[in-house]
Amino acid sequence: MFSVDRRSSRSRRAGARLAAACGAVLVAAAASGCESLTSGAEVELSDDINLTSTMMQAGERIPKLYTCRGEGVSPTLQWSGLPDDDVTESLALVADAPEQATVFWVLYGIDPQTAELRQGTVPHPGEQGPNSEGRTSYDPPCYEQDGADEIRFTLYALSSDVELADDASLEAALGAIADRAVARGSLTVTNGP
């Protein structure tokens, strides 16, 4: 059914650490994985952001181009419906496989005037945070290794900028985003052979 997991024991340990961090930093609304970021404050997080892609459709298979079987580049994404300018100071994007508690990509420090992310790029201003592999880059989903059924891209509107040290952990990056999140929008696609 699935190929043997060829990730290193370091990768599996990183996944285990992330799963533990999900319980501590993020609220798990589903049976497994990190369902969504929520801040520690009693602030309701709206789902008003509309996140779309000209290259991917919600519920459809992720194009091979964006996976390890293709070129492994990050996808094109567009968004609308951000909260007012007086509420949104910056944006962040997290790409993950919720049921696997795997994070493929973390972006933060995106200007709220930006309305799209072009394929294979990091916006300016914008910074990449660590993914589950500990790298600050897009780590394309790999069905044979991840076994993930869904890949979710979530854009967060943040009340203030995220400032992270160069050696910040994934848990620190997700926690900083969660503490500042005021709204979100997701695009979920499927992953498979």
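The values are calculated or read from the model by the stated rules, or taken from the named source; none is laboratory data. Nothing here was measured: the structure is a model prediction, and the numbers come from that model. Here the Cβ is made from the backbone with ideal geometry for all residues, glycine too, and neighbour counts use every protein chain on show.
At-a-glance table
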quantity: Residue among 106, 73 that alone is more than 20 Å from residue 156 (Cβ to Cβ) and under 15 Å from the mean Cα position of the chain (by Cα); calculated: 73
quantity: Test for residue 93: is it surrounded by 18 or more Cβ atoms within 10 Å (Cβ to Cβ) and in contact with a Leu (Cβ under 7 Å, 6 or more places away or on another chain); calculated: yes
quantity: Single condition residue 154 does not satisfy, out of (1) among the hydroxyl-bearing types (Ser, Thr, Tyr); (2) under 23 Å from residue 68 (Cβ atoms); (3) part of a loop (DSSP other than H, G, I, E, B); calculated: (3)
quantity: Count of the range 103-150 residues which are touching a Gly at 6+ places or on another chain (Cβ under 7 Å) and closer than 19 Å to residue 63 by Cβ; calculated: 2
quantity: Qualifying residue in the range 137-144 (condition: surrounded by fewer than 18 Cβ atoms within 10 Å (Cβ to Cβ) and under 13 Å from the mean Cα position of the chain (by Cα)); calculated: yes
quantity: Cβ pairs under 7 Å, 6+ apart, first in the range 106-127 and at negative phi and touching a residue at least 60 places away in the same chain (Cβ under 8 Å), second of a type in the set (Asp, Glu) and surrounded by 14 or more Cβ atoms within 10 Å (Cβ to Cβ); calculated: 108/127
quantity: Test: residue in the range 114-125 that is more than 23 Å from residue 71 (Cα to Cα), of a type outside the set (A, V, I, L, M) and more than 13 Å from the chain's Cα centre (by Cα); calculated: yes
quantity: Yes/no for residue 172 being outside any loop (DSSP other than H, G, I, E, B) and surrounded by fewer than 18 Cβ atoms within 10 Å (Cβ to Cβ); calculated: yes
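To keep it simple, each residue is scored yes or no on (1) at pLDDT 95 or above; (2) surrounded by fewer than 17 Cβ atoms within 10 Å (Cβ to Cβ); (3) closer than 15 Å to residue 182 by Cβ.
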{"residue": "46", "(1), (2), (3)": "no, yes, yes"}
{"residue": "53", "(1), (2), (3)": "yes, no, no"}
{"residue": "60", "(1), (2), (3)": "no, yes, no"}
{"residue": "64", "(1), (2), (3)": "no, yes, no"}
{"residue": "80", "(1), (2), (3)": "yes, yes, no"}
{"residue": "84", "(1), (2), (3)": "no, yes, yes"}
{"residue": "100", "(1), (2), (3)": "no, no, no"}
{"residue": "105", "(1), (2), (3)": "yes, no, no"}
